[in-house]
Amino acid sequence: MDTFSEVRLPVRLRASAALALLLAGAAATVSATVFLTQEEALRLAFPGAAVAHRTAFLTPAQQNEARKLSGDPDLPAALVNLYVAMKDGHEVGTAYFDTHLVRTMPETIMIVVDPSGAIARIEVLSFSEPEEYLPRPRFYEQFAGKPLTDELSTKRGIHPVTGATLTVRATTDAARRVLALHRILHESPAPTPPAAATGTPR
Amino acid sequence: MFVIPRWVSVGLGMLLAAVTLAQAPPPAPTPTPVPGSMEERIQRLEKLLAETRAELAALKAAAAGSPADARLAEIERKIDILAQEIEAIKMADAAQGTAAPAPTTQATGTGEGPAVSIAPPTGTAQDAGQRYGLGLSAAKVYGLKRGVSIGGYGEVLYQNFASKSQHGEPSGAQDQITDLRAVVYLGYKFDDHFVLNTELEYENAVVASDKGGEAEVEFAYIDYMHSRPFNARAGLVLIPMGLINEQHEPTAFLGARRNDVEDVIIPSTWRELGWGLYGEAGPFAYRGYMVNGLNAEGYDAEEGIREGRQEGSEALAENWAFTGRLDYVGAPGLLVGASVFTGNSGQGRFTPSGEKVHGATTVVDAHVDWRWRGLWLRGLYAHTWISEADLINQLNGFVGDASVGSRQEGWYVQGGYDVLSLMARARASLVPFVRYEEYDTQKAVPFGYERNPENDRQELTLGLVFKPIDRLAFKADWQQRHNAAGTGVNQWNLALGYIF
């Protein structure tokens, strides 16, 4: 069973349209302060690179494995959207978008994973909690270069921020979740070509 | 002593409002709308999936027994996953009680900041960009929808007092358990710039003539969100001093009870009516407000200025005060800064002999909070100066060792360590901690009065805080409470705290 989508017409068209609607619906639900659109975030992360959107469908076993790797109490969604950036014929990174609750309201962040499987950067796209809950940039810079190890924890290698404890925890959980998914997806059989291309950021 | 005439205070407020409004940025760019409501989109998606399923069923019937059959089964599985995702979205929408896109103001708490505020508003793309290290063209801030928000926190506290005092006398203290606080946050976002934040609090469960409960508005203010460096706030505001006053939710501090230095010297939860600015510049965060002054008629020897707080309840406004803080927040895990409150407290009163009481009162503090891995260290020093303490004594009829302290002082250091940080991937936390504090509300008294050694206090607290999840805290501690008179009474405490 393949992990990445390679649905063909006519079902492929249907599925793509369904996914587009799904994403549009999700974006509308998160009616937060928007700092960056998805396209802007990708352009920021991958200047001059070609970015392709892929859809991955996890098996139940993969979901369980992701939960185990991340330490997250909840199963990750079976549907994973990822954005693979290529430049000069080489993969330069993969971006994931994670929406989660902070306290009572959601935030959406982009987590970019470098080819070695470590975090390259994190950007906040939208944030619905008070700005006082939002850590400063220095907090997010701590994640750069960190792989999925026990050090990726607010109790260890990630220093928390007074007054933003819940955001710090939510961000760190998301980082672990994404790195776990990334590892599983890259351990699965060779991915098929991108299901849909988002184009080259200019 | 810094004394602010009333006309200057009012004038500054009007000027501030005018300047702030004059700098209002143009309306936010409107995001491209997605046609239809969430409900409509889901309906379209469901219809599309239903058509896809039907088409798939037809294909399966045609391909029965062929290799394509397995392929179609996989496609069917994927469609099922999409359907589950739709279901999850629908449930989330229902949970928020909205058929249309969700409201955007926030339920919040002082444990992590004021109740409701919104990240950089309309026209602040540049600030957002700076915040996240983005170029101006890459960062956009879109308009927000409107809505009401709700949140809160609560505490239950059990106190068990020693039967004997420090020097072996019967203490007479009775053990007590109480629903100490039940708090609701309500917020409302008027538009991209103006946000209302409120905290409504019940203390000790019942408000009645035969009970000790209180119903209070802890804060209620309007935020004007302009930009990262400059935002304005007006209303019943929390005095921005120390480490507890603005972040007093039970999950945000160690100990079943708040530390006493920040209960007496900095009388948390301290709030007054006023207006001011707040924001961040570089690695620094600041707040500065003009507020109504304290009322010296509430000062006393044991609790210092605590009962001089006016709490927004028919507050006397003959005297005004300035309060502000500056923190370095440039390094994750570290907060270090200082704060001040200064202004007269006489509120136009005269002593029985006819002397006008000014009662200039200044409180300063320096504080540090540092978290590194499982370690959490915190320290604070606070000092209060009260001029004309002798006139305040005359005003209040105090004699002898009942004098108001002309100088008051307190400090504490606290250290805790999350032992579960030693376990990989532990989500819960278990923090044994120790705190030592000293405070004296009569560090100095006016000539002709005496100090009461009971007000020179030292406390040692040994405790444990267990958080199974971030928003729940179970606490236990033992407190050695001594004073220079030997009449202190030790106690141990249990507490349950929650936020939502």
Completion exercise
Of the conditions (1) assigned to a loop (DSSP other than H, G, I, E, B); (2) within 14 Å of another protein chain (Cβ to nearest Cβ); (3) out of contact with any Lys or Arg (no Cβ under 7 Å at 6 or more places or on another chain), the single one that residue B:404 does not satisfy is (2)
Practice task
Would you mind stating whether residue B:256 is buried (at least 20 other Cβ atoms within 10 Å of the Cβ) and in a loop (DSSP other than H, G, I, E, B)?
Solution key: yes
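Can you tell me how many residues in the stretch B:259-270 are under 20 Å from residue B:219 (Cα atoms), β-branched (Val, Ile, Thr) and part of a helix (DSSP H, G or I)?
Residues flagged as under 20 Å from residue B:219 (Cα atoms), β-branched (Val, Ile, Thr) and part of a helix (DSSP H, G or I) within the stretch B:259-270 amount to 1.
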Exercise for the section: Would you mind stating whether residue B:61 is modelled with pLDDT of 65 or more and within 12 Å of chain A (Cβ to nearest Cβ)? Expected result: no
Problem - Lone qualifier among B:472, B:395 - being at pLDDT 95 or above, of a type in the set (A, V, I, L, M) and either touching a Cys at 6+ places or on another chain (Cβ under 6 Å) or within 30 Å of residue B:151 (Cα to Cα) (or both) - result: B:472
Fill in the blank from the handout: Counting only residues that are crowded, with 20+ Cβ neighbours inside 10 Å and assigned to a strand (DSSP E or B), the stretch B:323-333 contains a total of 4
Exercise for the section: Please work out if residue B:274 is of a type outside the set (Asp, Glu), part of a strand (DSSP E or B) and crowded, with 24+ Cβ neighbours inside 10 Å. Expected result: yes
Completion exercise
Those residues of the stretch B:214-249 that are part of a strand (DSSP E or B) and of a type outside the set (Ser, Thr, Tyr) come to a total of 17
Practice task
Those residues that are under 17 Å from residue B:345 (Cβ atoms), of a type outside the set (Phe, Trp, Tyr) and outside any strand (DSSP E or B), I need them from the stretch B:277-299; list them, please.
Solution key: B:293, B:294, B:295, B:296, B:297, B:298
Exercise for the section: Sort out for me the strands (runs of 3 or more DSSP E) sitting completely within the stretch A:59-139 that have 2 or more residues that are crowded, with 16+ Cβ neighbours inside 10 Å and of a type in the set (Ser, Thr, Tyr). Expected result: A:90-101
Exercise for the section: Return a yes/no flag: does the stretch A:116-126 have any residue that is without any contact (Cβ under 8 Å) to a residue 60 or more places away in the chain and closer than 14 Å to residue A:170 by Cβ. Expected result: yes
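Step by step: first the residues of the stretch B:358-373, then only those that are on the phi < 0 side of the Ramachandran plot and part of a loop (DSSP other than H, G, I, E, B), then the one that is surrounded by the most Cβ atoms within 10 Å (Cβ to Cβ). Which residue is that?
By that ranking, first place goes to B:358.
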Exercise for the section: Could you tell me which numbered condition residue A:126 fails, if it satisfies all but one of (1) within 22 Å of residue B:231 (Cα to Cα); (2) facing another protein chain (nearest Cβ under 8 Å)? Expected result: (2)
Handout entry: the stretch B:216-243 - residue that is aliphatic (A, V, I, L, M) and in contact with a Leu (Cβ under 8 Å, 6 or more places away or on another chain) and, of those, farthest from residue B:280 (Cα to Cα)
Key = B:217
Problem - Hits in the stretch A:35-55 - residues which are within 10 Å of chain B (Cβ to nearest Cβ) and either of a type in the set (Lys, Arg) or assigned to a strand (DSSP E or B) (or both) - result: A:43, A:55
Practice task
Determine whether residue B:424 is within 14 Å of chain A (Cβ to nearest Cβ), surrounded by 19 or more Cβ atoms within 10 Å (Cβ to Cβ) and either part of a loop (DSSP other than H, G, I, E, B) or in contact (Cβ under 8 Å) with a residue 24 or more places away in the chain (or both).
Solution key: no
Exercise for the section: Please work out which one of (1) farther than 30 Å from residue B:469 by Cβ; (2) in contact (Cβ under 8 Å) with a residue 12 or more places away in the chain is the condition residue A:65 fails and give its number. Expected result: (1)
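The values are calculated or read from the model by the stated rules, or taken from the named source; none is laboratory data. Since the model is a prediction, treat every value here as computed from it, not as a measurement. Positions of Cβ are generated from backbone atoms using ideal geometry, with glycine treated the same way; all protein chains shown enter the neighbour counts.
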